[in-house]
Structures are given as structure tokens and as C-alpha cells.
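> My questions will all concern the structure given below.
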Amino acid sequence: MAKAIGDGQHFLPDFGSLKVAIRLVLLAVIIATIITISRNDIFDETAWQDLNLLTGFALILSLISALVLKLFSPLIRRLSVRAGSLFVFLLILIVIIVGTEVMVFALYDLKLTTERWPEWHYSLLLRSILIGSLISVLGLRYLFVAHRSELDSHAEQEARLQALQSRIRPHFLFNSMNSIASLTRSDPALAETALQDLADLFRVLLADARKLVPISAEREISRQYLEIEKLRLGDRLKVSWHVNNVPRSALIPALTLQPLLENAIYHGIEPRFQGGTLRVELWGEGETLNVMISNPLPDVPKHAHGSGNKIAVDNIRLRLESHFGDAASMQAFQEGGQYHVKLRMPIVRG
């Protein structure tokens, strides 16, 4: 935990951001309100004045603390977690002490007090230090725990993405190898081509799931996958591609098409005695890329899309959200005896 974290993974937020400033303002108001309620039995005019003074004091200290932390942010991010936390804590205490002293000094100049350093001065300073210390410790602890939780969630999502991407059904591997083995004597050239396609497919399956790849590369790996499946299914598998107005430089998440094609074959084409046609459509609408994969529904209801289909759909949906957030969408529906999966995502150019 004492490791230096100058790689942008510091647990402290950007104190200059509007989001943090709003939180500090709300925290200051809440603290001032709690102190006012605890000090006044009746919420009369005096209590309102007390609240106004405390709120103003808390706001000034919190905003100055945010400004000071923002100025020292580059230095803080070069320190270890312990050293950075201690430095932030000391900076906040210094702001509280100096701010309290300046406020008391200013109250006399504004003729709001009759003495330059009234009797309650040291009591106010001590209480400000104690309250500020408590809030600082709790705040730093909250930031650290929230940061660790965010890192863990990010790491879990990346691991899940990688696991989903590298997942391939054992039946596909075994059937493909058996099909290739049967060709080694009858058609060695075709067997060699199939092995190269299979090697390319596995290379992509084991690659980084976070990357965006050219649409042309995605189409090529999908073509290689379909060629392997045709060795096994023969004329039962027909593929129809329809591509319109798709920029050649468009980028999409790696292995967006292949899992859906695999799913369509496994749950739609393979269970049908006569097979069927797998339709792949890609088209552009302005700055939006649309993808739709359609396959005929199986003859026997028990072969309907089950848990395997849900895994593939969740796989793609999770990776689309990871890359594009709410700008991407995914729909799965049945219509006209066909099962359709439609994707929409922003066109990102390489």
C-alpha cells in the first residue's frame, strides 16, 4: 500500500472538478447545520444567525482546502498512499488553523467582536481542529475505500471481458479438429487452410478484449470461423452478407460478430435437419453503425435459445457498454420465424 502511485491510479480525486466542489459545499452545509442544531434548543433568530455564520465559515474553509489541494495535487500524486494521505491531512489542518485565525481577526475589524482575540478564540480553534481532523480522516478513508472498490470493479470487469472473449465451446474445437483430420488425406490443401483459419481464430480469442479493431478485420475473422463451420455442416449452412455504407476505417470491439455467429449456428442452424441461411447485415446511418444477425428458429422447441444464447448476448452487451456506454444498444427478438440480434454503436474511425 506504500507503493508510489504516479501512474494516475491515485485514490484522491480531482479537487478542481465541479463534482468535488459541489460535494464539499453540501458537506459544509450539513456540518454547519448539525453543529447549529446541537448548540440551540430553539431554532429562533439567533439560531439562524448562528447557522449563517457557521455555514459561511465552513464553506470558506472547505473551498480554500479544495483550492490548496488542487494546487498541491501534482506533488500529492507523486507520493505514496500513506505519505499522500498524511500530506493532505496536514494541509487541511493548516487551512483550518490559518482560516480560523484570519476569521477571528477579521471579525474584530468588521466590529462584530469587541476584542481582537476574545476568550472563546482558543475554544473555537480547538473545536475547528478536532472537527476538521475527524472529517479529514473519515473523508480520506472514504476516498480510499471508494477508489479501491472502483479498481476492484474495473479489474473484475476486465477479467470477465477477457474470460468471455476467450470462451469457445469445446464442441466447436473438437468438431473442427475432427473435420480437419478427415481432410488431411482427401484434401490436404483445404485442411491446411482450415488449420490456419483455426489458428487465426484462437489468436483473436486470446487477444486483449478491450481493444477496438477495424471492421474489415472483424469480418475476416468471422469469415474464417464460418469457413471452419462449413467443413462440418456442409450445404446445411448458407451465409448471406449484406454490407452498405459502412466506413472502411470504422472500429468495433474485437470479436463482436463471431460469438453471435457461433450462437446463431449452434442454436438455430445446427438443430435444423435442412439447416438454413445465416444472414449478416451491416449498414451505416449517419454516425451510427448497425449490425443485425438473423437465423431461422430450430424445428424442435427444446432447442430454443437457452443459457448458451444468453451468455453470448450478455458477452456482447457487456463489451459494448464497456466501450461506448449508453451510446450503444443491443436487441434480441423473434420475428417471422427468425431470431434476430441487432446492435447499434457509434462509428469510431481509426
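> Mind listing whichever residues of region 101-121 are loosely packed, with under 11 Cβ neighbours inside 10 Å and farther than 22 Å from SER62 by Cβ?
Residues satisfying the conditions are ASP109, LYS111, THR114, GLU119.
> While we're on this one: I'm checking my understanding of the structure. Among residues of region 239-260 that are at pLDDT 90 or above and in contact with a Phe, Trp or Tyr (Cβ under 6 Å, 6 or more places away or on another chain), which one is farthest from ASN175 (Cα to Cα)?
ASN245
> Also, quick follow-up: Only one of these is of a type in the set (Asp, Glu) and in contact with a Lys or Arg (Cβ under 8 Å, 6 or more places away or on another chain): ASP109, ASP50. Name it.
ASP50
> Within region 262-289, count every residue that is surrounded by 17 or more Cβ atoms within 10 Å (Cβ to Cβ) and under 18 Å from VAL348 (Cα atoms).
Final tally of qualifying residues: 2.
> Within 24 Å of ILE215 (Cβ to Cβ), part of a helix (DSSP H, G or I), at pLDDT 85 or above and touching a strand residue (DSSP E or B) at 6+ places or on another chain (Cβ under 6 Å) - does that describe any residue in region 289-296?
No, that holds for no residue.
> Mind checking which residues of region 330-339 are within 27 Å of the chain's Cα centre (by Cα) and surrounded by 15 or more Cβ atoms within 10 Å (Cβ to Cβ)?
Within region 330-339, MET330, ALA332 qualify.
> Looking at region 105-119 only, could you name the residues that are more than 15 Å from LEU54 (Cα to Cα) and either in contact (Cβ under 8 Å) with a residue 40 or more places away in the chain or in a loop (DSSP other than H, G, I, E, B) (or both)?
LEU110, LYS111, THR113, THR114, GLU115, ARG116, TRP117, PRO118, GLU119
> Going through LEU130, LEU59, LEU112 one at a time, which residue ends up being among the hydrophobic types (A, V, I, L, M, F, W, C), in the same structural domain as HIS147 (by TED's automatic domain parsing) and either modelled with pLDDT of 85 or more or under 20 Å from ALA146 (Cα atoms) (or both)?
Selected residue: LEU130, the only one of LEU130, LEU59, LEU112 that is among the hydrophobic types (A, V, I, L, M, F, W, C), in the same structural domain as HIS147 (by TED's automatic domain parsing) and either modelled with pLDDT of 85 or more or under 20 Å from ALA146 (Cα atoms) (or both).
Residue by residue, here is whether (1) surrounded by 15 or more Cβ atoms within 10 Å (Cβ to Cβ); (2) modelled with pLDDT under 85; (3) more than 23 Å from PRO253 (Cα to Cα); (4) not charged (D, E, K, R) holds:
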{"position": "ARG160", "(1), (2), (3), (4)": "yes, yes, no, no"}
{"position": "LEU164", "(1), (2), (3), (4)": "yes, yes, no, yes"}
{"position": "SER176", "(1), (2), (3), (4)": "yes, yes, yes, yes"}
{"position": "SER182", "(1), (2), (3), (4)": "no, yes, yes, yes"}
{"position": "ASP187", "(1), (2), (3), (4)": "no, yes, yes, no"}
{"position": "GLU192", "(1), (2), (3), (4)": "no, no, yes, no"}
{"position": "ASP197", "(1), (2), (3), (4)": "yes, yes, no, no"}
{"position": "ASP208", "(1), (2), (3), (4)": "no, yes, no, no"}
{"position": "PRO214", "(1), (2), (3), (4)": "yes, no, no, yes"}
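> Which pairs do you get when a residue that is closer than 16 Å to LEU130 by Cα, found in region 26-45, comes within reach of a residue that is surrounded by 12 or more Cβ atoms within 10 Å (Cβ to Cβ), reach meaning Cβ atoms under 6 angstrom, with the pair 6+ apart or on two chains?
ALA28/ALA58; ALA28/LEU59; ALA28/SER62; ILE31/ALA58; ALA32/LEU54; ALA32/THR55; ALA32/ALA58; ILE35/LEU54
The values are calculated or read from the model by the stated rules, or taken from the named source; none is laboratory data. Predicted model, so just to flag it, every value in this text is computed and none were measured. So basically every Cβ, Gly included, is an ideal-geometry build from the backbone, and we count neighbours across all protein chains shown.
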